[in-house]
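The values are calculated or read from the model by the stated rules, or taken from the named source; none is laboratory data. Only a predicted model underlies this, so the values are computations on that prediction, with no experimental measurement involved. Don't worry about glycine lacking a Cβ; one is built from the backbone with ideal geometry, like all the others, and counts go over all protein chains shown.
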Amino acid sequence: MGKRLCKNKFRLCGPPRRPKRGDAAHSKRFATSHARFLLASTSEIYGDPLVHPQTEDYWGNVNPIGPRGCYDEAKRFAEAMTIAYHQEHGVKTRIVRIFNTYGPRMRLHDGRVVPAFISQALKNRPLTVFGRGRQTRSFCYVSDLIEGIYRLMMSSYDRPVNIGNPAEMTVLEFAKEIIRATGSRSTVATISPSECPSAEYRHRWVYGSRRKWGIR
């Protein structure tokens, strides 16, 4: 039997690796296969945004030599390469900018706020909040994210799309909600923002995805 052609390719996260012989040839074959390619990008491409909430046509405010510059710029570069393949080779590309997501089997020590707060609350330890906790976040459940990604992949839309939860809350409000939900004896402890620079606002603008696919 001959090799089956790939109809859809989802480029999600994975461990870094060195380029292998044949990668360029594979990319060329993919470009002519009429398959669809989806890049999982991130809200981090907006950096520390000066526009709130962030729309897909906002270019962001990123410090290329900041503490998170390597990650932010790597994702921005990935978007640039994806669009280049679309424009130069006609690849059917999709770009999804994923905002804060949560769900089962999250690692407790991966550095994200949801497992970090839950881990601290279950151990009755103080929940650490940077500054006054006024930074805002919106949290999307993983099954809703997957539905949005699937609808984007099956559509004909080739520009970047934000996917996340339109409901917004401060980090301090979220910490208190975790304490309430877990019945923990934890308190909230504040830490200097300089110890962990973080964007003040991370909130997607939802009108685009609602209009295209009826996502709620």
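So which of ARG17, ARG21, ARG4 is at pLDDT below 75, closer than 23 Å to TYR150 by Cα, loosely packed, with under 14 Cβ neighbours inside 10 Å and out of contact with any strand residue (DSSP E or B) (no Cβ under 7 Å at 6 or more places or on another chain)?
ARG4
Whether any residue in the range 64-74 is within 20 Å of ASP144 (Cα to Cα) and at pLDDT 85 or above is what I want to check.
No, the range 64-74 has no match at all.
Kindly indicate which of ARG185, ARG180 is in a loop (DSSP other than H, G, I, E, B), within 22 Å of SER119 (Cβ to Cβ) and modelled with pLDDT of 85 or more.
Matching residue, one of ARG185, ARG180: ARG185.
Return yes when GLU44 is touching a Phe, Trp or Tyr at 6+ places or on another chain (Cβ under 7 Å), at pLDDT 90 or above and either on the phi < 0 side of the Ramachandran plot or assigned to a strand (DSSP E or B) (or both) and no when it is not. Before you say what the answer is, go through the steps one by one.
On the way: touching a Phe, Trp or Tyr at 6+ places or on another chain (Cβ under 7 Å): yes; at pLDDT 90 or above: yes; either on the phi < 0 side of the Ramachandran plot or assigned to a strand (DSSP E or B) (or both): yes.
So GLU44 fits the description; yes.
At pLDDT below 90, within 26 Å of PRO67 (Cβ to Cβ) and either within 21 Å of the chain's Cα centre (by Cα) or surrounded by 14 or more Cβ atoms within 10 Å (Cβ to Cβ) (or both) - does that describe any residue in the range 139-147? Full working, then the answer.
Restricting attention to the range 139-147, the residues satisfying the condition of being at pLDDT below 90 are none.
For the range 139-147, residues at pLDDT below 90, within 26 Å of PRO67 (Cβ to Cβ) and either within 21 Å of the chain's Cα centre (by Cα) or surrounded by 14 or more Cβ atoms within 10 Å (Cβ to Cβ) (or both): absent.
Do we have TYR85 as assigned to a loop (DSSP other than H, G, I, E, B) and closer than 23 Å to LEU152 by Cα here?
no
So, in the range 163-177, exactly how many residues are crowded, with 17+ Cβ neighbours inside 10 Å, touching a Gly at 6+ places or on another chain (Cβ under 7 Å) and not in a helix (DSSP H, G or I)?
Selection size over the range 163-177: 1.
Please specify each residue of the range 104-155 satisfying the condition of being among the hydrophobic types (A, V, I, L, M, F, W, C), touching a residue at least 24 places away in the same chain (Cβ under 8 Å), within 18 Å of ILE178 (Cβ to Cβ) and assigned to a helix (DSSP H, G or I).
Of everything in the range 104-155, those that are among the hydrophobic types (A, V, I, L, M, F, W, C), touching a residue at least 24 places away in the same chain (Cβ under 8 Å), within 18 Å of ILE178 (Cβ to Cβ) and assigned to a helix (DSSP H, G or I) turn out to be VAL113, VAL114, PHE117, ILE118, ALA121, LEU122, VAL142.
Across the range 148-167, what is the total count of residues that are over 18 Å from SER41 (Cβ atoms) and within 17 Å of the chain's Cα centre (by Cα)?
Matching residues across the range 148-167 total 2.
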